[in-house]
1. Taking the options Ala44, Ala126, Ala109, name whichever one is at pLDDT below 95, of a type in the set (Gly, Ala, Ser) and over 24 Å from Ala2 (Cβ atoms).
2. Would you tally the residues in the range 106-123 being in contact with an Asp or Glu (Cβ under 9 Å, 6 or more places away or on another chain) and not small (Gly, Ala, Ser)?
3. Enumerate the pairs (first residue in the range 66-77 and under 11 Å from Gln101 (Cβ atoms); second residue anywhere and in a helix (DSSP H, G or I)) with beta-carbon separation below 8 Å, excluding pairs fewer than 6 apart on the same chain, so at least 6 apart or on different chains.
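The values are calculated or read from the model by the stated rules, or taken from the named source; none is laboratory data. Owing to the predicted nature of the structure, the values given are computational and were not obtained by experimental measurement. Note: ideal-geometry Cβ built from the backbone for every residue, glycine included; neighbour counts use all protein chains shown.
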Amino acid sequence: MAEPIVFISRSRIVEGKRTEFELAFAGVVDLIRATKPRTALFAAYVDESGSEVKIVHVFPDAAAMADHFEGSDDRTKSVSELIVPTDFEVYGPAPAPAIDQLRREAARAGGAVEVLADAIGGFLRALG
């Protein structure tokens with residue numbers, strides 16, 4: 001059975017750009033919803049100060065994550081004046097090219113990538 005993967009990206013919101021980022025993110029949500037049908041969850045959460053955003057991604061398997069990462073460099077560049085990626089967390093058996101990409105992005109920002117690939121149990125349920 002394929003194991004689900006959870007990926008969390010943490011970014012700093014450029015000062016004064018929160019509203020602009022929220023508008024841009026809404027467009028990205030529409031794009032992901034339309035073009036990445038196997039992305040089970042794509043949701044952003046902003047901290048109390050409004051200076052940090054965490055984007056949570058959930059995939060049913062590594063192939064879905066690999067598909068989601070196609071075009072992700074361009075999506076990241078499209079908001080590069082609004083947010084600065086800092087750290088990443090990956091839970092589950094993510095594809096090596098995705099981890100390599102995250103390590104490059106984190107290195108540019110002086111951030112870190114934490115990978116916990118060895119799941120000991122659980123499930124992902126599609127609720128409708």
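1. Going through Ala44, Ala126, Ala109 in turn, just one is at pLDDT below 95, of a type in the set (Gly, Ala, Ser) and over 24 Å from Ala2 (Cβ atoms): Ala109.
2. The total comes to 4.
3. Ala66/Pro97; Ala66/Ala98; Phe69/Pro97; Phe69/Ala98; Phe69/Gln101; Ser72/Gln101; Asp73/Gln101; Thr76/Glu105
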